[in-house]
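Please read the structure below before turning to the comments.
The values are calculated or read from the model by the stated rules, or taken from the named source; none is laboratory data. Source: prediction; values computed, not measured. Virtual Cβ from ideal backbone geometry, glycine too; neighbours counted across all protein chains shown. Surface accessibility is based on the protein's heavy atoms, side chains included, excluding ligands, DNA and RNA. Shrake-Rupley method; radii C 1.70, N 1.55, O 1.52, S 1.80 Å.
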Amino acid sequence: MNRVLLLRAPGVYPPQADSFLLRQALLRERLPPGARVLDIGSGTGTLAISAARGGAAQVVAVDASLGAVLSTRVNALLAGVRVTVRRGDLLAPVAGRRFHLVLANPPYVPAPGRRGSRTVDAGYDGRAVLDRLAVQVPPALLPGGVLLLVQSALSGVSATVRALTAGGLETEVTDRRLVPFGPVLRGRSDWLRRRGLLQDGQDKEELVVIRARRPG
């Protein structure tokens, strides 16, 4: 989908480097006939729309933000694809359903003190949402189903891999990309250095895509 055509309500996470890296991984996946896809934290809907255009029979997009729900609905309509959009917390709106592919671009940035931006910050270690996804996603995958998740190396890639593996999934890191710090990381770089998460002079963040498959 042409990026300039995406409509975005105020406060909704815009497609950026992590979104594009996850979309790259999505485009490599071979969806089975009748594929059911879930996009967790849909934002503007760019990934849900890509999945629908890529041949998914059913696409469900979930976000806790009303603005994101409205943005996804409007953008899917403009793109001419069918996406079912639900508002709610992670997998709660699709409880009991299972999918061939789950996409997730959750908040993953370590944050000092109380959580700030709900689209970016994810607690002191950046894992407030990642750890919940690692528990909730495996039961929602059909046999042979795949999770594609993007996160920062600052929030513990090995911890995510271990958690998903413990959930019975075959897990690997498939994509890596270094990107310059945005405003959020620039603003808390001193705090991250004091915690040992950044090296002196470091001004780039590594993003990774984790692919986790349920055997079957």
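As an exercise: evaluate Ser117 against (1) surrounded by fewer than 22 Cβ atoms within 10 Å (Cβ to Cβ); (2) modelled with pLDDT of 95 or more; (3) closer than 22 Å to Gln16 by Cβ; (4) among the hydroxyl-bearing types (Ser, Thr, Tyr) and give the number of the one condition it does not meet.
Tallying (1) surrounded by fewer than 22 Cβ atoms within 10 Å (Cβ to Cβ); (2) modelled with pLDDT of 95 or more; (3) closer than 22 Å to Gln16 by Cβ; (4) among the hydroxyl-bearing types (Ser, Thr, Tyr), Ser117 fails exactly one: (2).
Yes/no per residue for (1) of a type outside the set (D, E, K, R); (2) within 15 Å of the chain's Cα centre (by Cα):
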position: Ala128; (1), (2): yes, yes
position: Arg132; (1), (2): no, yes
position: Ser155; (1), (2): yes, yes
position: Ala159; (1), (2): yes, no
position: Arg162; (1), (2): no, no
position: Ala166; (1), (2): yes, no
position: Asp190; (1), (2): no, no
position: Arg193; (1), (2): no, no
position: Gly216; (1), (2): yes, no
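Give all pairs with beta carbons closer than 6 Å in which a residue from the range 27-39 that is within 20 Å of Thr72 (Cβ to Cβ) meets a residue that is surrounded by fewer than 17 Cβ atoms within 10 Å (Cβ to Cβ); count only pairs at least 6 apart in sequence or on separate chains.
Final answer for the pair search is Leu31/Gly55; Ala35/Ala57.
Criterion first (closer than 27 Å to Gly156 by Cα, open to solvent by less than 70 Å² (accessible area, probe 1.4 Å) and touching a residue at least 60 places away in the same chain (Cβ under 8 Å)) does Leu103 satisfy it?
The answer is yes for Leu103.
Filter the range 1-56 down to the residues that are open to solvent by 80 Å² or more (accessible area, probe 1.4 Å) and part of a loop (DSSP other than H, G, I, E, B), then identify the one that is nearest to Val150 (Cα to Cα).
Arg30
For the range 191-216, which positions are on the phi > 0 side of the Ramachandran plot and either open to solvent by 60 Å² or more (accessible area, probe 1.4 Å) or not small (Gly, Ala, Ser) (or both)?
Across the range 191-216, the qualifying residues are Gly201, Gly216.
Suppose we filter the range 57-69 for residues that are surrounded by fewer than 18 Cβ atoms within 10 Å (Cβ to Cβ) and part of a helix (DSSP H, G or I); how many remain?
Total meeting the criteria: 2.
Which of the residues spanning the range 163-190 are surrounded by 13 or more Cβ atoms within 10 Å (Cβ to Cβ) and at pLDDT below 90?
Selection gives Phe181, Gly182, Val184, Leu185, Arg188, Ser189.
Taking Thr46 and the conditions (1) more than 14 Å from the chain's Cα centre (by Cα); (2) in contact (Cβ under 8 Å) with a residue 12 or more places away in the chain, which numbered condition does it fall short on, given that it satisfies the others?
Of everything listed in (1) more than 14 Å from the chain's Cα centre (by Cα); (2) in contact (Cβ under 8 Å) with a residue 12 or more places away in the chain, Thr46 misses just condition (1).
Any residue at all in the range 125-142 that is open to solvent by 30 Å² or more (accessible area, probe 1.4 Å), at pLDDT below 95 and over 23 Å from Ser50 (Cα atoms)?
Yes - at least one qualifying residue is present in the range 125-142.
Which one is farthest from Gly55 (Cα to Cα) among residues in the range 74-90 that are open to solvent by 60 Å² or more (accessible area, probe 1.4 Å) and under 18 Å from the mean Cα position of the chain (by Cα)?
Asp89
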